[in-house]
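Colleague: There's a structure below that I have some questions on.
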Amino acid sequence: MRASKLIVTPAAPSTDPNNPTTAQVLSQSEKSYGSQTQYFNDLINTISQFTVYAPSNNNIKLVQLQAFSTSVTTLNNAVAQKLQPLKTARATRTATYIDLKDRVQRIKQYVKSQYGLKSNEYSLIKGIKV
């Protein structure tokens, strides 16, 4: 049990669609897939240095491991290429909805100032939330 609350401050990813040069923070799952692939490649490199490595199981022979590593790396790269446009689209969508919310608030304030707090016009739109 802790006497105080543990405070974790994650690094905030950039959500600015107009500035793609800002550093993007990778999620834990992205790091784990990339690191697992790297660890597997390191294992294959280590095994290839053993001269007496000759397993009877075909699935763990060096040629099969290298082929599997190539396919995993290819799939990992394909996901990484599709992930960047997804992140960009999400950032753009978030920015657009923030702008939409601001516009709705401005319209409500305008109607409130133009027609008054107890007017029919303001009562029609005062409950709109975005």
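Colleague: Fewest Cβ neighbours within 10 Å first, please rank S119, S35 accordingly. Spell out each step's value before the answer.
Modeller: On the way: S119 13, S35 10.
Exposure proxy ranking, most exposed first: S35, S119.
Colleague: Moving on to the next point. Set the Förster radius R0 to 25 Å, insert the Cβ-Cβ distance between S123 and A95 as r into 1/(1 + (r/R0)^6), and round the FRET efficiency to 0.05. Intermediate results must be reported in sequence, preceding the final value.
Modeller: On the way: r = 31 Å, r/R0 = 1.25.
Efficiency, rounded to the nearest 0.05: 0.20.
Colleague: Show me the trypsin sites (Lys or Arg not before Pro) within the range 29-130 that DSSP assigns to loop and that have at most 15 other Cβ atoms within 10 Å of their Cβ.
Modeller: Details: sites: K31, K61, K82, K87, R90, R93, K101, R103, R106, K108, K112, K118, K126, K129; in loops: K61, K118, K126, K129.
Passing sites in the range 29-130 are K61, K118, K126, K129.
Colleague: Then there is this: Could you sort 47-59, 69-81 so that the peptide with the highest average Cβ count within 10 Å comes first and the rest follow in order? Don't skip to the answer; put the middle values down first.
Modeller: On the way: 47-59: 8.8, 69-81: 12.2.
Going from most to least packed, we get 69-81, 47-59.
Bear in mind that the values in this text are calculations on the coordinates, not laboratory data. Just so we're clear, the structure is a prediction, and the values are computed from it rather than from any experiment. Here Cβ is always computed from backbone atoms with ideal geometry, including for glycine, and neighbour counts include all displayed protein chains.
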